[in-house]
Amino acid sequence: MIALREIDRDNFYDVIKLSVSDEQKEFVASNLFSLAQAKAYPECICLAINQDEVLVGFTMYCIDQEDQEYWIYRLMIDAAHQSKGYGKAAM
Ligand SMILES: CC(C)(COP(=O)(O)OP(=O)(O)OC[C@H]1O[C@@H](n2cnc3c(N)ncnc32)[C@H](O)[C@@H]1OP(=O)(O)O)[C@@H](O)C(=O)NCCC(=O)NCCS
């Protein structure tokens with residue numbers, strides 16, 4: 001089952017090691033960048049995506065300061081775990 005988990009000292013290093021394929025890198029910022037961004041933009045919420053106990057991806061949602069709408073700014077599934085339905089389930 002897919003679960004969204006907080007990012008803390010137990011999974012931080014594993015989350016920043018997650019990566020998309022080289023061809024996909026232009027579509028999404030690195031998780032390291034997103035976590036740094038969320039420190040400066042506290043309205044951004046970062047979450048780990050787990051399939052059962054296995055970390056498979058990362059997402060970040062934010063409330064936009066201008067339109068006051070929630071947006072999903074980031075969604076990524078690690079290249080090794082893609083095309084198994086996890087991205088769709090996480091959404
Ligand atoms: C986009 C992404 C999150 C999808 O995650 P995923 O777990 O691989 O996707 P799923 O297995 O849940 O599949 C979801 C849909 O995408 C399709 N899909 C998955 N991998 C695909 C691929 N490599 N090429 C084309 N379509 C693909 C599936 O067929 C499915 O469509 P369907 O519901 O019509 O069958 C993942 O590919 C990714 O991390 N991409 C790079 C980062 C990115 O572009 N993020 C979005 C912008 S922030």
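Solvent-accessible area of TYR70, all protein chains in place: 150 Å² (probe radius 1.4 Å, heavy atoms, ligands and nucleic acids excluded). Sparse packing (at most 13 other Cβ atoms within 10 Å of the Cβ) combined with a DSSP loop state is found for the following trypsin sites (Lys or Arg not before Pro) in the chain: ARG9, LYS84. When the chain is treated as a Gaussian network with alpha carbon springs shorter than 10 Å, the biggest mean-square fluctuation among ASP22, ASP78, ASP64 belongs to ASP22.
Helix 31-40 and the longest principal axis of the Cα set of the chain meet at an angle near 20°.
Could you do me a favour and compute the accessible area per residue for the chain, 1.4 Å probe, result in Å²?
Details: 6230 Å² over 91 residues.
Accessible area per residue, the chain: 68 Å².
Dipole check for the chain: with +1 at the C-beta of Lys and Arg, -1 at the C-beta of Asp and Glu, and the Cα centre as origin, the magnitude is about 240 Debye.
Largest GNM mean-square fluctuation among GLU26, GLU66, GLU53, using the chain with Cα springs under 10 Å: GLU66.
Ordering ILE77, ILE7, ILE72 by accessible surface, largest first, gives ILE72, ILE7, ILE77; the 1.4 Å probe counts only protein heavy atoms, with every chain in place. Computed about the Cα centre, the dipole magnitude for segment 1-42 is approximately 140 debye when only Lys and Arg (+1) and Asp and Glu (-1) carry charge, each at its Cβ. Annotation for segment 30-91 versus segment 4-29: alpha-carbon center distance of 8 Å. Across segment 2-83, C-alpha contacts under 8 Å between residues 6 or more apart give a mean separation that, scaled by the residue count, equals a relative contact order of 31 percent. In the chain, one over the average inverse separation of all distinct C-alpha pairs is 13.4 Å, which is the Kirkwood hydrodynamic radius.
Surface composition of segment 1-82: carbon and sulfur make up 53 percent of the accessible area, probe 1.4 Å.
Think of segment 1-68 as a dipole: +1 on every Lys or Arg Cβ, -1 on every Asp or Glu Cβ, centred on the Cα centre; then among MET60, ALA38, VAL15, VAL15 lies furthest on the positive end.
The values are calculated or read from the model by the stated rules, or taken from the named source; none is laboratory data. All values derive from a computational prediction rather than experimental measurement. Backbone-built Cβ (ideal geometry, glycine too); neighbour counts: all protein chains shown. What goes into the accessible areas is simple: the full protein's heavy atoms, side chains included, and nothing from ligands, DNA or RNA. Shrake-Rupley method; radii C 1.70, N 1.55, O 1.52, S 1.80 Å.
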